[in-house]
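Notes for the one structure printed next.
The values are calculated or read from the model by the stated rules, or taken from the named source; none is laboratory data. Values in this document were obtained by computation on a predicted structure and should not be read as measured data. Glycine also receives a Cβ, built like all others from the backbone with ideal geometry; neighbour counts cover every protein chain displayed. The accessibility values were calculated without ligands, DNA or RNA, using every heavy atom of the protein model including side chains. Shrake-Rupley method; radii C 1.70, N 1.55, O 1.52, S 1.80 Å.
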Amino acid sequence: MEWARGVHLEVLENGLTVLVQRDATAPVVATVLYVKAGYFDEPDEWVGISHVLEHMFFKGTRLMGPGDLAKEIKGLGGYVNAGTIYDHTSYYAVFPSEGENWRRALEIQADALMNCALDAAELESELEVIVQEANRKLDNASAVTLETMYSALFPEHPMGRWRIGTEEQLRRLGRSDLEAYYQSRYHPANTIVAIVGDIDADEAACFAAKLFGGWKNAPADSQFPIVSDSVPSPAMITRRGDVQRAMAAVGWRGVPEGDEHAPAMDVAAAILSAGRGSWLYRGLRTSGLVNTVSASHYTTRVLGVFNIFIQGDPKKFKLAVGSAIGLVKRLAEVGPSDSDMKRVFSLLATRRARSLESMDTRASTLCHYEAHGGAGLVDVYWERLNSVTPADVMKVARICLNPLAPSSVFYLPVGADQTIKRWPPEAVLPAVSSLSVDAAVVSTSSTRGTGQPLALPPGTSGESFGGSRFVFAPRRGTGVCVVGAFFSDLPMGESEETAGLTTLLTRASLRGAAGRSGASLAEAAELLGGTISQAVSRQYAGWTVAVRFDNVQDAVELLSGVAIQPSLDEKQVANEKEQQLADARKARDDMFGHPVREALRAGFDGTSYGLPLIGLPESVAGFTVPQLREWSDRLISSPSLVVGVGDLESGPALRQMKRSWGLPDAPEADTRISGSWRAGSMHENRDKEQTAIAMAFPGVAFEHQDRAAVRVLCAVLSGMGGRLFDALREKRSLAYTVSAIPWHQKHLGAVVTYIATSPDQENLARDQMLEELSRLVGDGVSNAELERARTFVVGQEKMKLQSSGSILSELVQYWGSGDLKNAGGFVTQLQEVSKRDVNRVAGEVFLPDLRSEYVVRGKNS
């Protein structure tokens, strides 16, 4: 597919570039402002200033006050955000395409870009927020590991700096610094504006030209720092911290964007780590050496980094790193096979199509390639990638990936003594056999006729056979289909002793099924275009895979074999159990997810809703193969859903799905869960830079009539322009992350608030959070807040139509919650929410004495 087809390109007299592409496959528009200035443009005295300026984009202009931009976009039903990276900064908005939304959104963004106020008082306040963001990043061990590796590879280049800036560096920045940086880097010739979506392309291009044509900032001399040709001596750096698993980042200097070797380097990374059939996955993850392993080739206009990232048991650390290096050597000495290349090209094609489904990703991608030589390169690069040969991969591996010359960073748990003291470690070549090119799917076909039609949203078709459902929704224009097979209710039957058993079953089934090994399953799926992924919620469990549109029948047959005939081999189960046990333990390192899960667990004490899906370390450690086999029998005897979304007509797709699903039709069933709520407060102490506070309040179930009102309530509170964002972040600078999250399950629900702050501000943050919730209950929402929040949540529902995966997830969520017939009706329910509804549910939900609170306390608290 030619993704640059139909792009309208115009360079204005002032040098600004406008890109417009019409795409009417979803009622959505995205606008992206792409400025070719980022961390590379910062002199040493201004480290972090690009990111600070990004924040100030939202802090007002001569026409808008602080926060007004986000509120206006929210009032259009959309969202706005921004991101800074090494060679650019982008500002984007995504919203429903109704009426003149895109015009107003672009006007707001243009005003912020060209007339940013850079108010001194607002800057002082916002720097406190950015300091909190920087501290939050210091608690992210993987980010620390990767950026430390960059510093070893590029010690004399901005790539090697801690890019967000330290607290000391940030506090030195003043308004005059930002003004000077803005005037020198933010000018029309350095800016690309992209509009993609359900719009008239000519009309949008004319409007953008009129809007930005008067911008007169003169270009200033801005040169990227030159990368030294001399490669630094290989470095080994060891850090330790409050983490559960060891991490390693092993990096080499790669090649920049546009280099003749860049496509081959990208293919080399994919051979190593794309999909379950990749060398690193089969050699390190499947064998149990690591929990996580990946390879990537990151490129900018002036440099590239090839990186291998490993996370796993400290006791296996040396062997894991040595094995990864062994596979890098194999890449140079033996090279990939034809079947490796075929698998990777098939997988990358599907991933590319799925990534460009969303309007904002497409707009950002077009900007990226335009900045690197022309928007049409999005297709040219794909042609270059597809022309890479095994010899090309071997060549770049020999040139760029010398096993003796990487820089490596190891981040270990405190007390672990397994660090690598001498490089290279012993290079061990894991057993990674060549895959066969023939990966035909074993048939599990059936002879179903026509079932009972299902009441579904317009355009979606489905049939029922007892407790079995077959559903398909067209999503045209990508050449891809996402299919899934799911079973309901089983996860709700878990207890403290069996928590995580469903997750282990769905994971272990991918290690062998229907007479295939795990490697053969991976190969079969990836030759179809996708990787099989397991999906577990408290309502359902199953698997999904994204494939080319002509492979739906084979994909469903593959999923059928995984569900019906899992091998559950003793050795493979033991390996996967060890992996899951490690994941259950390292969940404590997530400073957002961990306190939220623990607050819910305490509140829903005594029910499966209070249990983590990954399981508890003590429960996972005790699982046995007979347990799994019994659990598998229970799974496939429960109600099932076979669902697809993608580039096919519903009729043919449904026929293929019914023919390929080999499981007998299940009876109707409904597992009911009830339980009381337990209020209380718990905490744990950690060696972290921030303190995280999660408060869970009893809410309503997915099928409850007040679910729409709760969703609007959380939109009033959360996100840019929300009450909590304004009060706790914008006005008091207490946090970078603050939110209110609706949590709806089949029979029970909750609302969770979250804030991460400095340890010395824990009590203030808690008090202010409760005060804002109390103020909302007492004063109620205003008409303007209601309208903005209601329009926003309706817009979010419409924007889900961009992605095949999002549509599929929505259908599965409604089916798993017993409400499939209403899958298309939630927008209407949201539109009917009244101020009285929101005020009533706020009073019913936010009762301070009923909160279940969990705190992860940082150091020095």
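Summed over segment 117-140, residues that are open to solvent by 10 Å² or more (accessible area, probe 1.4 Å) and touching a Gly at 6+ places or on another chain (Cβ under 7 Å) total 3. Any residue that is acidic (D, E) and over 25 Å from the mean Cα position of the chain (by Cα) - is there at least one of those in segment 592-600? No.
When we screen R597, R588, R629 for residues that are touching a residue at least 12 places away in the same chain (Cβ under 8 Å) and surrounded by 21 or more Cβ atoms within 10 Å (Cβ to Cβ), the only hit is R597.
Only a single item in (1) open to solvent by 40 Å² or more (accessible area, probe 1.4 Å); (2) modelled with pLDDT of 85 or more is not met by T447, and it is number (2). Filter segment 615-656 for residues that are of a type in the set (G, A, S) and under 19 Å from F487 (Cβ atoms); which is farthest from the chain's Cα centre (by Cα)? Taking the candidates together, the pick is S637. Here is a check on your reading of the model: is R185 among the charged types (D, E, K, R), over 24 Å from the mean Cα position of the chain (by Cα) and within 18 Å of H88 (Cα to Cα)? Against the criterion (among the charged types (D, E, K, R), over 24 Å from the mean Cα position of the chain (by Cα) and within 18 Å of H88 (Cα to Cα)), R185 qualifies. Selection over segment 735-744 of residues that are surrounded by fewer than 24 Cβ atoms within 10 Å (Cβ to Cβ) and either modelled with pLDDT under 90 or farther than 14 Å from V838 by Cα (or both) gives a count of 6.
Counting the residues of segment 294-352 that are surrounded by fewer than 21 Cβ atoms within 10 Å (Cβ to Cβ), of a type in the set (V, I, T) and more than 30 Å from M159 (Cβ to Cβ) gives 1. Scanning segment 638-666 for residues that are among the aliphatic types (A, V, I, L, M) and either open to solvent by 30 Å² or more (accessible area, probe 1.4 Å) or not in a strand (DSSP E or B) (or both), we see that the one that is farthest from S488 (Cα to Cα) is L648. Can you list residue pairs whose Cβ atoms sit under 6 Å apart, with the first residue in segment 320-349 being at negative phi and among the basic types (K, R) and the second being open to solvent by 10 Å² or more (accessible area, probe 1.4 Å) and part of a loop (DSSP other than H, G, I, E, B)? Count only pairs 6 or more apart in sequence or on different chains. Sorted first by the residue in segment 320-349, then by its partner, the pairs are K329/P403; K329/A427.
Tallying residues that are more than 30 Å from V47 (Cβ to Cβ), out of contact with any Leu (no Cβ under 6 Å at 6 or more places or on another chain) and open to solvent by 10 Å² or more (accessible area, probe 1.4 Å) within segment 75-115 yields 10.
Could you check, for segment 198-214, whether at least one of its residues is at pLDDT below 95, more than 25 Å from T365 (Cβ to Cβ), open to solvent by 80 Å² or more (accessible area, probe 1.4 Å) and assigned to a loop (DSSP other than H, G, I, E, B)? No, segment 198-214 contains no residue that is at pLDDT below 95, more than 25 Å from T365 (Cβ to Cβ), open to solvent by 80 Å² or more (accessible area, probe 1.4 Å) and assigned to a loop (DSSP other than H, G, I, E, B). Of the residues making up segment 806-842, just one is in contact (Cβ under 8 Å) with a residue 24 or more places away in the chain, assigned to a helix (DSSP H, G or I), touching a strand residue (DSSP E or B) at 6+ places or on another chain (Cβ under 9 Å) and surrounded by fewer than 20 Cβ atoms within 10 Å (Cβ to Cβ), namely Q813. With respect to the conditions (1) among the aliphatic types (A, V, I, L, M); (2) assigned to a strand (DSSP E or B); (3) touching a Leu at 6+ places or on another chain (Cβ under 9 Å), A4 falls short on a single one, namely (2).
Residue-by-condition table, conditions (1) surrounded by fewer than 24 Cβ atoms within 10 Å (Cβ to Cβ); (2) touching an Asp or Glu at 6+ places or on another chain (Cβ under 8 Å); (3) of a type in the set (K, R):
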residue	(1), (2), (3)
V480	no, yes, no
T498	yes, no, no
S520	yes, no, no
A525	no, no, no
R548	yes, no, yes
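For P27, the test of being touching a Gly at 6+ places or on another chain (Cβ under 8 Å), at pLDDT below 95 and at negative phi is failed.
Can you work out which of the residues in segment 453-507 that are within 19 Å of G561 (Cα to Cα) and among the polar types (S, T, N, Q) is farthest from the chain's Cα centre (by Cα)? Filtering segment 453-507 for residues that are within 19 Å of G561 (Cα to Cα) and among the polar types (S, T, N, Q), the one farthest from the chain's Cα centre (by Cα) comes out as S468.
Among residues of segment 229-280 being out of contact with any helix residue (DSSP H, G or I) (no Cβ under 7 Å at 6 or more places or on another chain) and among the aliphatic types (A, V, I, L, M), the one that is surrounded by the fewest Cβ atoms within 10 Å (Cβ to Cβ) is V231. Residue count for segment 603-626 under the criterion of being open to solvent by 30 Å² or more (accessible area, probe 1.4 Å), of a type outside the set (D, E, K, R), part of a loop (DSSP other than H, G, I, E, B) and in contact (Cβ under 8 Å) with a residue 12 or more places away in the chain: the result is 5.
When we screen R790, R766 for residues that are of a type in the set (D, E, K, R) and within 23 Å of V596 (Cβ to Cβ), the only hit is R766.
Restricting R723, R766, R711 to those that are closer than 29 Å to Y609 by Cβ, of a type in the set (D, E, K, R) and either open to solvent by less than 10 Å² (accessible area, probe 1.4 Å) or touching a His at 6+ places or on another chain (Cβ under 9 Å) (or both) reduces the list to R711. Evaluated against (1) within 30 Å of V414 (Cβ to Cβ); (2) buried (at least 16 other Cβ atoms within 10 Å of the Cβ), E684 falls short on exactly one condition, (2).
Filtering segment 18-57 to residues that are part of a strand (DSSP E or B) and not polar (S, T, N, Q) leaves V18, L19, V20, R22, V28, V29, A30, V32, L33, Y34, V35.
So that you can scan it fast, the table gives a plain yes or no per residue for (1) closer than 17 Å to N307 by Cβ; (2) modelled with pLDDT of 95 or more; (3) open to solvent by 60 Å² or more (accessible area, probe 1.4 Å); (4) touching a strand residue (DSSP E or B) at 6+ places or on another chain (Cβ under 8 Å):
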residue: R384; (1), (2), (3), (4): no, yes, yes, no
residue: S387; (1), (2), (3), (4): no, yes, yes, no
residue: A391; (1), (2), (3), (4): no, yes, yes, no
residue: V396; (1), (2), (3), (4): yes, yes, no, no
residue: C400; (1), (2), (3), (4): yes, yes, no, yes
residue: P403; (1), (2), (3), (4): yes, no, no, no
residue: P406; (1), (2), (3), (4): yes, no, no, yes
residue: V414; (1), (2), (3), (4): no, no, yes, yes
residue: Q418; (1), (2), (3), (4): no, no, no, yes
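Applying the selection to segment 30-50, what residues are open to solvent by less than 10 Å² (accessible area, probe 1.4 Å), in contact with an Asp or Glu (Cβ under 9 Å, 6 or more places away or on another chain) and closer than 21 Å to A120 by Cα? G48, I49, S50 - these are the residues of segment 30-50 that are open to solvent by less than 10 Å² (accessible area, probe 1.4 Å), in contact with an Asp or Glu (Cβ under 9 Å, 6 or more places away or on another chain) and closer than 21 Å to A120 by Cα.
Among the residues of segment 820-847, those that are modelled with pLDDT under 95 and either of a type in the set (G, A, S) or more than 22 Å from A784 (Cβ to Cβ) (or both) comprise L820, K821, N822, A823, G824, G825, F826, T828.
Residues of segment 188-206 that are within 33 Å of the chain's Cα centre (by Cα) and not β-branched (V, I, T): P188, A189, N190, A194, G197, D198, D200, A201, A204, A205.
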